[in-house]
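The values are calculated or read from the model by the stated rules, or taken from the named source; none is laboratory data. Computed from a predicted model, the values in this text were never measured in an experiment. Note that each Cβ is placed from the backbone with ideal geometry, even for glycine, and that neighbours are counted across all protein chains shown. Heads up: the accessible areas ignore ligands, DNA and RNA and are worked out on the full protein's heavy atoms, side chains in. Shrake-Rupley method; radii C 1.70, N 1.55, O 1.52, S 1.80 Å.
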Amino acid sequence: MKKGIVAALSVLFLLGGCAPTFEKQDQVVQENKSDEGAKGFVPSFQISEGYYKTMMPYETSETRGVVVNDLGSRYDINEIETGLMRVAQNQFPTDQYFFKEGKYLDKETVDSWLQRKYTSKQLKDKKMKESENVGLNPIQEDGDTEPIYLAHLVEHNYLMKIKDKDDKVQLGGVVIALSLNSVQYETNMSSGVRTVKNISNDELKQQGMKMADEVVKRLRQKDGLKNVPIMIALYKQAPKDERVPGHFFAYSLAGNGEDSIKNWNDVNESHYLFPSPEAADAHPNDYKVFKTLKDDVEDYFPVYTGLTGQALYEDDKLTKMNFEVALTFEGKTETIGFAQHLSSMITKHVPESWDMELTISSSDGPEALIVKKKGSKETYVHIYE
């Protein structure tokens, strides 16, 4: 780290969010499962109000890693986790709830729910029992091309302090993401030609709502979930060749003891790739800022392989912009000089309303990171050793 160009305390801010929230000390708590319930503690450090505190020691879900196999685009892997936390905040505020990985859906359960529903004949052919016929994807008869709608499920748990017992927490809610395929891939067995068919938003929502009702009914049968709020969020997965992730488009809540879903809320999120015609048409002012930075990079540094950006919009307003510059460097001094120049250009051209990060990378990996938080013109720079 070069002290001359790294802002003081920048390490505390680079993980995202505004100024961190501190309390006097970590608090020891105990889950209210039984008198012998496991003890843990809640860290005093909170990155920002947009992030949940997490109980320690950290307990991983049995389905950890399954998402990598089930999601078609690598961009979806992170987005479905972080996006689910954003949706969860509509019901479970970060100042009242603590995050914990899901514990009610194990790998075997998730795998079985991702299968198709089978006819009696298909069950017999597969030598399966009716009790094993729990797939959430629709039946496909011979000759049919019924899509596989459900690609994956993600579970998050949210804990809350018990009233008048600050040293104990209990399960306050379960949030489930249903990741739905946006396209259907079909391969002609004789020719080997693969075709891609888009699945309409209306069809996805209809199928997702139907599955959500069944998921709630099944969760209510599990120990400890009879009277816990259950939120279901629907995620539209990106096609495999997309360079931006999919997005959540609806969520609903089954309140205490409810075993069905009554009302759905729309989620207006979208991701755009910069540069792209779609981004230029939908958000011309933001695209103009991007173009200014891109032109400046090209003028400043001749060995240039591209500036790209990925933006998240909520309710058509820019929430987060991540830029990446790929360059060929001859030495660390060039990295420092280029990072300083880009930092000054960001201060000059990027609006205060933007929350953005810019990564400078080379063939050897990340070289520098520049961060600007919403509501400030100031940038924080980190040079990787």
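Residues L150, L114: which one is in contact (Cβ under 8 Å) with a residue 60 or more places away in the chain and either under 19 Å from K236 (Cβ atoms) or in contact with a Lys or Arg (Cβ under 6 Å, 6 or more places away or on another chain) (or both)?
L150
When the range 217-243 is examined, which residues are found to be touching a Ser or Thr at 6+ places or on another chain (Cβ under 9 Å) and acidic (D, E)?
Within the range 217-243, D241, E242 meet the criteria.
Please name all residue pairs, on different chains or six or more residues apart, with Cβ atoms under 6 Å, provided the first residue is in the range 282-296 and is free of Cβ contacts under 8 Å to residues at least 24 places away in the same chain and the second residue is part of a helix (DSSP H, G or I) and surrounded by 11 or more Cβ atoms within 10 Å (Cβ to Cβ).
From residues that are free of Cβ contacts under 8 Å to residues at least 24 places away in the same chain, the pairs are Y287/A279; Y287/A280.
Could you pull out the residue among D296, D281 that is farther than 25 Å from T82 by Cβ and at pLDDT below 95?
The match here is D296.
Name the one entry in F248, F274 that is closer than 19 Å to S182 by Cβ, surrounded by 20 or more Cβ atoms within 10 Å (Cβ to Cβ) and at pLDDT 95 or above.
Just one listed residue meets the conditions, F248.
I want to confirm something. Restricting to the range 214-243 and keeping residues that are under 17 Å from Y104 (Cα atoms) and among the acidic types (D, E), which single residue is surrounded by the fewest Cβ atoms within 10 Å (Cβ to Cβ)?
Among residues in the range 214-243 that are under 17 Å from Y104 (Cα atoms) and among the acidic types (D, E), the one surrounded by the fewest Cβ atoms within 10 Å (Cβ to Cβ) is D223.
Would you mind finding the one in F45, F22 that is within 26 Å of N322 (Cβ to Cβ), modelled with pLDDT under 90 and surrounded by fewer than 17 Cβ atoms within 10 Å (Cβ to Cβ)?
F45
Yes/no matrix, rows are residues, columns are (1) farther than 23 Å from K262 by Cα; (2) β-branched (V, I, T); (3) modelled with pLDDT of 95 or more:
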| position | (1), (2), (3) |
| --- | --- |
| L136 | no, no, yes |
| E155 | no, no, yes |
| L159 | yes, no, no |
| K163 | yes, no, no |
| V169 | yes, yes, no |
| G192 | yes, no, no |
| M211 | no, no, yes |
| V215 | no, yes, yes |
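Name the residues in the range 189-213 that are touching a strand residue (DSSP E or B) at 6+ places or on another chain (Cβ under 8 Å), without any contact (Cβ under 8 Å) to a residue 60 or more places away in the chain and either in a helix (DSSP H, G or I) or buried (at least 22 other Cβ atoms within 10 Å of the Cβ) (or both), would you?
N201, L204, K205, G208, M209, A212 - these are the residues of the range 189-213 that are touching a strand residue (DSSP E or B) at 6+ places or on another chain (Cβ under 8 Å), without any contact (Cβ under 8 Å) to a residue 60 or more places away in the chain and either in a helix (DSSP H, G or I) or buried (at least 22 other Cβ atoms within 10 Å of the Cβ) (or both).
Go through the range 151-170 and give me each residue that's surrounded by fewer than 16 Cβ atoms within 10 Å (Cβ to Cβ), among the acidic types (D, E) and assigned to a strand (DSSP E or B).
D166, D167
Answer yes if at least one residue in the range 138-145 is modelled with pLDDT of 90 or more, out of contact with any Ser or Thr (no Cβ under 6 Å at 6 or more places or on another chain), under 30 Å from V228 (Cα atoms) and open to solvent by 40 Å² or more (accessible area, probe 1.4 Å), and no otherwise.
Within the range 138-145, not a single residue is modelled with pLDDT of 90 or more, out of contact with any Ser or Thr (no Cβ under 6 Å at 6 or more places or on another chain), under 30 Å from V228 (Cα atoms) and open to solvent by 40 Å² or more (accessible area, probe 1.4 Å).
Name the single residue, out of those in the range 299-322 being of a type in the set (G, A, S) and in contact with a helix residue (DSSP H, G or I) (Cβ under 8 Å, 6 or more places away or on another chain), that is modelled with the lowest pLDDT.
Looking at the filtered set, the residue picked out is G309.
Being assigned to a strand (DSSP E or B) and without any contact (Cβ under 8 Å) to a residue 24 or more places away in the chain is the filter here; which residues of the range 308-343 pass it?
Result: K317, single match.
Of all residues in the range 344-385, which are buried (at least 18 other Cβ atoms within 10 Å of the Cβ), touching a residue at least 40 places away in the same chain (Cβ under 8 Å) and basic (K, R)?
K373
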